[in-house]
Amino acid sequence: MSVEQLQNIISPKINQQVLTDIVVKKSGLKDIQIKEIKIEGACTRKGDSYLSQICRFTIEATGKNKSNQENETSIPVIAKFLPKNLARRKTYRSPVFFENEGIFYETVLPAFQDFQNSKKLSKKFENIPLMLAQWIDGDNDFIILEDVTPQGYKPAVRGSDLDENHSVAILKLLANFHSLSIAFRDQKPEIFEKAAASLKETYFAEKYRSWFEPFLHKLYIVALDAVENEFPQLLPKLKKYISGDVFGKICQGYQLRGPYAVVAHGDVWAPNFLIKYAEKDRIEDIVMIDFQLTRYATLAGDLIFYLLTCVDINLIEQKWNFLIKEYHVTLTENLAQLGSDPNLINLEGLHRELKESMKFGLGVVIESLIMSLLDETEVGDLDGIQGDEAVSVENVWKVSPFKTQAKRLRFARMFKFLVDNNFI
């Protein structure tokens, strides 16, 4: 595979120097000679990524180490790039999301790393694959990351039924990530604010109302059908909720600042967590990927999205308080290790924040849970969008009421849980 072929597949802005810089950054070698580029092909499953296209390739190279001895190195990478279909790219505003992810890697993450490096920590938060190169100009965007799948990492299963072991492990990872923001703001508020505020809201802002709200109303049809069929007595509650300005509530909810505001991942569905296992099913490590929806907002947004979309509904119904406590224990332990008062976020206050945030969080979950329950066969053909201009999102994602009771129940039980526990 030549550089020219790579340019045709990914972006014309990839060149020999970009590849050389990747090798230097990952291997530490000098006097780099690129020997071969082995492309693995596209790896995006239908429906798993509508904002970008993805392919994997390996850079085979040689270079000299610090002792001036020649070494061989093989660097597997994963490249995210703008969809080649212009209508798809414009329909989903892909450049906006690439710009935001670029800000995360170039501005936010380095600030977090500097903050951690100022501490004497036995273990740093390093659960994000290394960003090796990026180009963001709105036309030729790409982000190249270290591909950790050869190390044994694989995505959590798409769906909404993570067991207790996986649910708690990912909650603890989120607590580790969120605690960095809380301690950073506590100790260096001006530096933190500058970094966090550089992020852009890519989804729930008033300027995007006409883009997303019509699709949200289509999702209401699916939600209403599920509740009407499974728990008809709750239908008035759902109708009352969706009769309000749900999109506006979400926008306002994500704009709030305060003690619970963090750099939130924003898109915490299961496939965005890559898990490495030791023997049997013991989780050895987890990394987070995909920061295109990352925002400066309440941590409750991540928790509500993740718990209500990804976790087995039986766990939600039976162990909600346990799950929140597991998150909180890790959060406070990390705050102490980072040199902040662990009581900055107390358990009672966290429960209040979750309850208050559910007023808009349910609106987010209506989308995330319904979309996570779609089969691959139900996902729209994004590259089948005709022409070079944007089309309405609701005409691409043609959702319809669930065909099976199991899926209706998953959604309806989630809503019943919120009603029964006075969240809604």
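The values are calculated or read from the model by the stated rules, or taken from the named source; none is laboratory data. Bear in mind the structure is a predicted one, so any value in this text is a computation, not a measurement. Cβ placement follows ideal geometry from the backbone for every residue including glycine, while neighbour counts extend to all protein chains displayed.
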> Can you find even one residue in segment 233-244 that is surrounded by 20 or more Cβ atoms within 10 Å (Cβ to Cβ), touching a helix residue (DSSP H, G or I) at 6+ places or on another chain (Cβ under 9 Å) and among the β-branched types (Val, Ile, Thr)?
Replying inline: no
> among the aromatic types (Phe, Trp, Tyr), modelled with pLDDT of 95 or more, assigned to a loop (DSSP other than H, G, I, E, B) and over 22 Å from ALA300 (Cα atoms) - does that describe any residue in segment 216-239?
Replying inline: yes
> Of all residues in segment 260-287 being in contact with a Leu (Cβ under 6 Å, 6 or more places away or on another chain) and surrounded by fewer than 20 Cβ atoms within 10 Å (Cβ to Cβ), which is nearest to LEU162 (Cα to Cα)?
Replying inline: ILE286
> Can you find even one residue in segment 247-258 that is of a type outside the set (Gly, Ala, Ser) and under 14 Å from the mean Cα position of the chain (by Cα)?
Replying inline: no
> For segment 307-424, which helices (runs of 4 or more DSSP H) that fit wholly inside it have 1 or more residues that are under 22 Å from LEU216 (Cβ atoms) and charged (D, E, K, R)?
Replying inline: 347-372, 405-420
> How many of the residues making up segment 1-21 are surrounded by 17 or more Cβ atoms within 10 Å (Cβ to Cβ) and in a loop (DSSP other than H, G, I, E, B)?
Replying inline: 4
>> Given the options PHE215, PHE177, name the one that is in contact with a strand residue (DSSP E or B) (Cβ under 8 Å, 6 or more places away or on another chain) and either within 21 Å of ASP290 (Cα to Cα) or not charged (D, E, K, R) (or both).
In response: PHE177
>> Exactly one of these conditions fails for ASN314: (1) surrounded by fewer than 18 Cβ atoms within 10 Å (Cβ to Cβ); (2) among the polar types (S, T, N, Q); (3) in contact (Cβ under 8 Å) with a residue 60 or more places away in the chain. Give me its number.
In response: (3)
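Each row is one residue, and each column tells you yes or no for (1) hydrophobic (A, V, I, L, M, F, W, C); (2) touching a Gly at 6+ places or on another chain (Cβ under 9 Å).
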position	(1), (2)
VAL329	yes, no
ASN334	no, no
SER340	no, no
ASN343	no, no
ASN346	no, no
GLY349	no, no
LYS355	no, no
MET358	yes, no
GLY363	no, yes
> Of all residues in segment 150-193, which are among the basic types (Lys, Arg) and either at pLDDT below 95 or outside any helix (DSSP H, G or I) (or both)?
Replying inline: LYS154, ARG158, LYS188
> Are there any pairs, at least 6 apart or on different chains, whose C-beta atoms fall under 9 Å, with the first in segment 319-332 and within 16 Å of LEU174 (Cβ to Cβ) and at pLDDT 95 or above and the second of a type in the set (Val, Ile, Thr) and assigned to a helix (DSSP H, G or I), and if so, which?
Replying inline: PHE322/VAL168; LEU323/VAL168; LEU323/ILE316; GLU326/VAL168; TYR327/VAL168; LEU331/ILE182
>> Just the residues that are of a type outside the set (Phe, Trp, Tyr), under 13 Å from the mean Cα position of the chain (by Cα) and either farther than 24 Å from ILE324 by Cβ or not in a strand (DSSP E or B) (or both), please, taken from segment 282-298.
In response: ILE289, ASP290, GLN292, LEU293, THR294
>> Looking at PRO271 and the list (1) touching a strand residue (DSSP E or B) at 6+ places or on another chain (Cβ under 6 Å); (2) more than 23 Å from GLU101 (Cα to Cα), which single condition is not satisfied?
In response: (2)
> Got a number for residues in segment 124-136 being part of a loop (DSSP other than H, G, I, E, B) and either farther than 23 Å from ILE59 by Cβ or touching a Gly at 6+ places or on another chain (Cβ under 7 Å) (or both)?
Replying inline: 4
> Can you tell me how many residues in segment 366-396 are surrounded by fewer than 16 Cβ atoms within 10 Å (Cβ to Cβ) and at pLDDT below 75?
Replying inline: 6
> What number goes with the only condition from (1) farther than 22 Å from ILE170 by Cβ; (2) under 19 Å from the mean Cα position of the chain (by Cα) that PHE125 does not pass?
Replying inline: (1)
> Looking at ALA264, ALA270, which one is of a type in the set (A, V, I, L, M, F, W, C), under 22 Å from the mean Cα position of the chain (by Cα) and closer than 23 Å to ARG413 by Cα?
Replying inline: ALA270
>> Can you pull out every residue in segment 22-51 that is within 18 Å of GLU146 (Cα to Cα), part of a strand (DSSP E or B), modelled with pLDDT of 85 or more and of a type outside the set (Val, Ile, Thr)?
In response: GLU36, LYS38
> Taking LEU199 and the conditions (1) assigned to a helix (DSSP H, G or I); (2) surrounded by 15 or more Cβ atoms within 10 Å (Cβ to Cβ), which numbered condition does it fall short on, given that it satisfies the others?
Replying inline: (1)
